[in-house]
Amino acid sequence: MENTAVTSGTQEKAALAGRTPSESMAIMTELILPAQANLLGNLQGGQLMHYMDIAGALTCRRHSGHEVATVTVDRIEFRYPIHVGEVVTVTSKLVWVGRTSMKVRIVVGTEDFKTHQSKLTNTAYFTFVALDETDRPVMVPPLLPQTEQEKKDFEHEQEKYEARKRK
């Protein structure tokens with residue numbers, strides 16, 4: 001029988017190769033059709049949230065290499081309606097990574113091909129947890145912020161995380 005040494009979570013995480021936010025970023029593009037719209041001819045909010053959840057999950061799966069589950073939606077803002085015939089771009093990028101959880105900022109923009117106008121319509125923050133084959137939380141690689149904005153975002157989210165832990 002082998003004697004297996006148990007390493008601490010910190011040592012295990014250090015053994016994982018870190019990744020930059022841009023390495024796991026996801027961009028989805030969808031044409032809005034009538035079947036996705038409400039009676040006003042606008043994309044249904046639930047459908048948009050579904051797109052955001054998929055983009056966020058893709059980002060977190062790329063980063064972690066594992067299946068993920070949505071844990072929280074911190075904030076979602078609906079600034080403008082999205083109309084049938086517009087193209088929606090959903091961009092998801094990691095802003096913070098903990099031991100097993102990952103937080104992404106999701107930005108939604110639209111483009112009207114007739115007028116050639118683009119606008120930011122929505123933003124949100126989703127948190128996902130990585131899961132192993134038995135659906136238990138599993139450690140994820142560290143996030144390696146590169147730009148000043150990525151570093152600022154990471155520090156801000158780390159402070160929020162530590163404040164939640166203290167409560």
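For the reader, a short list of remarks on this structure follows.
- Gain upon complete extension [Arg62, Met28; 0.36 nm per residue less C-alpha separation]: 10.8 nm
- Cβ-defined net charge surrounding Asn122, 12 Å radius [Lys, Arg +1; Asp, Glu -1]: +3
- Region 17-166: radius of gyration and largest Cα-Cα distance (Dmax), Å: 16.3, 51
- Once you reduce region 148-167 and region 97-113 to the center of their Cα atoms, the two points are 16 Å from each other.
- In region 59-164, the trypsin sites (Lys or Arg not before Pro) that fall in loop regions by DSSP, at most 16 other Cβ within 10 Å: Arg79, Arg99, Lys114
- Nearest 10 degrees, 0 to 90: helix 45-64 Cα axis against the chain principal axis: 30 degrees
- Compared with the alpha-carbon gap, the fully stretched path from Ile54 to Thr70 is longer by 4.8 nm at 0.36 nm per residue.
- Sparsely packed GluC sites (Glu not before Pro) within region 65-167, loop by DSSP, other Cβ within 10 Å at most 10: Glu133
- Mean residue ellipticity (222 nm) of the chain, computed from DSSP H runs ≥ 4 via -39,500 (n - 2.57), nearest 500: -9500 deg cm²/dmol
- Cα long-axis angle, helix 148-166 against the chain (0 to 90 degrees, to the nearest 10): 70 degrees
- Amide hydrogen proximity for Val138: with H placed 1.01 Å from N in the peptide plane, the residues at 5 or more positions away or on another chain lying under 5 Å are Ala130, Leu131, Asp132.
- On full extension, the segment bounded by Phe113 and Gln149 gains 9.9 nm, given 0.36 nm per residue less the C-alpha separation.
- Ratio Rg/Rh [Cα only; Rh per Kirkwood] for region 56-126: 1.06
Quick note: the coordinates plus some simple rules give every number you see, no bench work behind them. What you see is a predicted model; the values in this text were computed from it and never measured. All Cβ positions, even for glycine, are placed from backbone atoms using ideal geometry, and neighbour counts span all protein chains on display.
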